[in-house]
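Note sheet for the following structure.
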Amino acid sequence: MISHPATSHNLDLKGLKCPLPALKTRKALLGLRNGDQLEVVCNDPLARIDIPHLVATLGDELISQQEQDDCILFNIRRQAAKD
C-alpha cells in the first residue's frame with residue numbers, strides 16, 4: 001500500500017449564504033484523501049452550526065473552529081471511512 005503525504009487545501013466561501021457553505025464544504029471534503037486538511041473561510045453565521053454538523057456526519061475531524069474579524073475559520077481533517 002502506497003501512502004501519500006497529507007496536503008492542505010483552502011476553500012474561500014465568503015459571501016455565500018446557507019446552505020451553500022455546507023454544500024461546497026461537503027463536495028470539497030469528498031474529493032480529498034484520508035489525512036488531507038481543508039481550511040474553510042466563510043462569513044455566514046449559520047455555518048457555525050452547519051459545518052461542524054457536516055464534519056461529524058461525514059466522520060471527519062474538526063481540528064479547529066475560530067472567529068477572526070467577520071469570518072469563521074474551520075480547519076478540517078479528512079477521515080473518510082475505509083473501504
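Here are the numbers for the structure shown:
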read-out	value
Residue within the range 37-48 that is within 13 Å of the chain's Cα centre (by Cα) and exposed (fewer than 15 other Cβ atoms within 10 Å of the Cβ) present	yes
Search result, residues across the range 23-69 that are within 19 Å of Gln79 (Cβ to Cβ), assigned to a strand (DSSP E or B) and in contact with a Leu (Cβ under 8 Å, 6 or more places away or on another chain)	Leu38, Glu39, Val40, Ser64, Gln65
Of all residues in the range 70-83 being assigned to a strand (DSSP E or B) and under 13 Å from the mean Cα position of the chain (by Cα), the one that is nearest to Leu16 (Cα to Cα)	Ile72
Residue list for the range 56-83, restricted to those being at pLDDT 95 or above, out of contact with any helix residue (DSSP H, G or I) (no Cβ under 8 Å at 6 or more places or on another chain) and closer than 19 Å to Ser8 by Cβ	Ile63, Ser64, Gln66, Cys71, Leu73, Asn75, Arg77
Pair list, Cβ under 8 Å, 6 or more apart: the range 55-67 residue on the phi > 0 side of the Ramachandran plot, other residue at pLDDT below 95 and of a type outside the set (Gly, Ala, Ser)	Gly59/Gln79
Boolean, Leu16 is within 13 Å of the chain's Cα centre (by Cα), among the aliphatic types (A, V, I, L, M) and modelled with pLDDT of 95 or more	no
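The values are calculated or read from the model by the stated rules, or taken from the named source; none is laboratory data. Remember, it's a predicted structure, so these values are computed and weren't measured experimentally. Quick reminder, even Gly has a Cβ in these numbers, built from the backbone with ideal geometry, and neighbours come from all protein chains shown.
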